[in-house]
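The values are calculated or read from the model by the stated rules, or taken from the named source; none is laboratory data. Quick caveat, the model's predicted, so the values are computed rather than measured. In this analysis, Cβ positions are derived from the backbone assuming ideal geometry, glycine residues included, and neighbour counts consider all displayed protein chains. The accessibility values were calculated without ligands, DNA or RNA, using every heavy atom of the protein model including side chains. Shrake-Rupley method; radii C 1.70, N 1.55, O 1.52, S 1.80 Å.
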Amino acid sequence: MTAPSTPQRPITVRVFAQRFSATPRGARLARRLALHQLENWGVPHGSDTSDAVGLVVAELAANAVTHGRVAGRDFELRLSLVTGGVRIEVTDTRSGPLPPGPRDVRSPQDLAESGRGLLLVDALASRWEVLDRSPSPGKTVRAEIDLPPAGRRRDGAVRGETARLHAED
């Protein structure tokens, strides 16, 4: 005899993964495709979430191209729509010391022309971390951007981005 089955809600997994050439053009394309994918998932272009994800993807992809480039190797962008937010993962294949993590990022000198990318990630992401790539060599920088509470923006206006996402569940 078998126990009666309980109906379960279907789980919709929303994941986008793409490899890009480790060039400035690849980094730009990663950002553009990330924003396009968010819009396909119901996160409107120009929303706070879309803007934050676009900036984080741009910074992490630029870092992968600038600091994680290995000749003949690509970098990978992976976006996941997870409960309550968007997870961004950028993986490159350069071995060596890991970049600073969330508690180790330091401000650059005032006139420095670089060194602010991870500060932006730290400011925009709800959570982020640096992980060794599996399989090695390389590393993955993972960041998560929380979606705002259903239907409300920071300024109190009604927003469709999370309301539409929750309606699809």
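Quick look at the values:
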item	result
Whole-percent carbon and sulfur share, accessible surface of segment 16-68, 1.4 Å	50 percent
Calculated from backbone phi, Karplus (6.51, -1.76, 1.60) coupling profile of segment 75-83 in Hz, x at Gly/Pro	10, 10, 10, 10, 10, 9, 8, 9, 4
Two-site FRET efficiency, Val130 against Asn40, from Cβ-Cβ distance with R₀ of 30 Å, rounded to 0.05	0.60
Whole-Hz ³J(HN,Hα) from phi, Karplus 6.51 cos²θ - 1.76 cosθ + 1.60, for segment 45-52, glycine and proline x	4, x, 6, 4, 5, 4, 5, 5
Segment 120-138 residues near the modelled Arg103 label - backbone nitrogen below 20 Å, point 7 Å along Cα→Cβ	120-132
